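Derivation of every value follows stated rules applied to the coordinates shown; laboratory data play no part. Please read these numbers as outputs of a predicted model, since none were measured by experiment. All Cβ positions, even for glycine, are placed from backbone atoms using ideal geometry, and neighbour counts span all protein chains on display.
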Amino acid sequence: MATFALLVASFATSLAFEEWELLWKETNPKGFAAAQAVLAAAKAPPQMRELALTFNCSVGEDLVDMYAKQHVGSRSKHEGTNKAQVLSKLRGSRTVAIETGTQYGFTTAALVETKAFAHVYSVEFSPANHKIASARFKNTPQVKLWNGDSGQLIADMLEKSASTPNGARGAVIWLDAHYTNPSGSPGVSGKEMVPLTRELSAILADRHAARHVVVMDDLRYWNKKVATYPTPSAVFSYVCSKAPRAVWHMQNDHLRFKLSPR
């Protein structure tokens, strides 16, 4: 079994801690012991709020779903991590951020405000939302917006990224597109509600795929069959079938992977 890394950020309810303690003891005794050593070295308290897991493609699919279920269950009331901060911390030497699901441009604006990226690209399916976002960023030259199906347009966005001066270093990619919201408002007739698989297919086929870091949002909905989200194991299995050396990280409401250690 792959080695898991357990990172501790702060406190949690005792219930969340007990769930995690049981999960680790039953599925990965060695990993659990290593985690306790990390806690002891950091002089961290025994109760935790925010946990992160790092794993690779050798992990069983059933474990991925189980870890996701437990992980999200302990974070369902604490989503609040700032998306732009998450992405800026992953930047490394990358200077392009790509977002699917602009909506009104909240995350796009936050990315601009971080000043971490020279270029911010975003795509929105809804013409009405795209119009609002376009007006919002009409005087922001580093932002480029697309309107349409992200499953089709992300390849163009990746090519645009590759054409930038630092494009060969890859992009930080935030996948948050869905054609309905979790409360159940109408989606788009004749199309799958979540274009994630087609987005991933384009990313993995890109010439700079090994340099991208890919972050998928809304993990809390994936096991609940909301808006036809895939299960975590389905996404994991698909990516690993194309890129068996992918390294994965699960934290807060996000699941991410990269194909290169850099």
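Quick notes
- Taking amide hydrogens as placed 1.01 Å from N in the peptide plane, the amide H of W146 sits under 5 Å from those of S122, V123, E124, each at least 5 positions away in sequence or on another chain.
- Tensor-based shape of the stretch 83-229 (alpha-carbon gyration tensor, a/c under 1.5 rounded, otherwise prolate or oblate): prolate
- Ordering of 209-221, 105-117, 125-137 by burial proxy (mean other Cβ atoms within 10 Å per residue, highest first): 209-221, 105-117, 125-137
- Theoretical gain in end-to-end length, N139 to S237 [0.36 nm per residue, Cα-Cα removed]: 31.1 nm
- Applying a threshold of 29 Å to the alpha-carbon distances of K131/K258; K89/K138; K115/K258; K83/K160 flags K131/K258 as lying beyond it.
- Potential extension, S163-S126 segment - 0.36 nm per residue separation minus Cα distance: 10.7 nm
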